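The values are calculated or read from the model by the stated rules, or taken from the named source; none is laboratory data. As the structure is a prediction and not an experimental result, all values here were calculated from the model. Heads up, the Cβs are rebuilt from the backbone with ideal geometry, glycines too, and the neighbour counts pull from every protein chain shown. Heads up: the accessible areas ignore ligands, DNA and RNA and are worked out on the full protein's heavy atoms, side chains in. Shrake-Rupley method; radii C 1.70, N 1.55, O 1.52, S 1.80 Å.
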Amino acid sequence: MRRRQTIALLALVGICIALYLWLYKIGIIGRLQCGSGSCEFVQTSRYGVLLGVPVAFYGVIGYALIFAVAIVGLQPAQLERRWPTLTLAALAAGGFLFTLYLTAIELFVLHAICRWCVGSAAVMTAITAVALSGVVRAK
């Protein structure tokens, strides 16, 4: 139960970060508060959009799915079921792989680091660690 609560809380943090970046990308927020200036460079690069959709929006959807599964998994009827643990692990692993791809683009292609993206990567890494520890423990 604690793992699912932790994942839900981390997913809320991730939603906030991704939502902030998405609102910037669609023009609702005028300037990112980053400090280094690289955030806007990363967000406005051609890698800030995937299949015509802002990458940050994928983050909003991904974190929202993780949050929803974690909350459903916290319901009394689901506490002893294994499917929420496995679903959270699968979603987290997918998000982690996507995060690795995006981080590689930042480091090796753009040569720029977005602090908000690093924050999101840290959140997704933590979610993945907690989710995978739940799978290992549940065996």
Those residues that are part of a loop (DSSP other than H, G, I, E, B) and buried (at least 17 other Cβ atoms within 10 Å of the Cβ), I need them from the stretch 24-50; list them, please. 32, 34
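Identify, from the list 82, 115, the residue that is more than 19 Å from residue 60 (Cβ to Cβ), among the basic types (Lys, Arg) and touching a helix residue (DSSP H, G or I) at 6+ places or on another chain (Cβ under 7 Å).
82
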Looking for whichever is without any contact (Cβ under 8 Å) to a residue 60 or more places away in the chain, farther than 28 Å from residue 114 by Cα and among the hydrophobic types (A, V, I, L, M, F, W, C) here; the options are 69, 60, 49, 55. Which one fits? 69
Could you pull out the residue among 9, 21 that is part of a helix (DSSP H, G or I), open to solvent by 50 Å² or more (accessible area, probe 1.4 Å) and of a type outside the set (Lys, Arg)? 9
Can you list the helices (runs of 4 or more DSSP H) lying wholly within the stretch 51-139 that have 3 or more residues being open to solvent by 70 Å² or more (accessible area, probe 1.4 Å) and within 19 Å of residue 41 (Cβ to Cβ)? 115-138
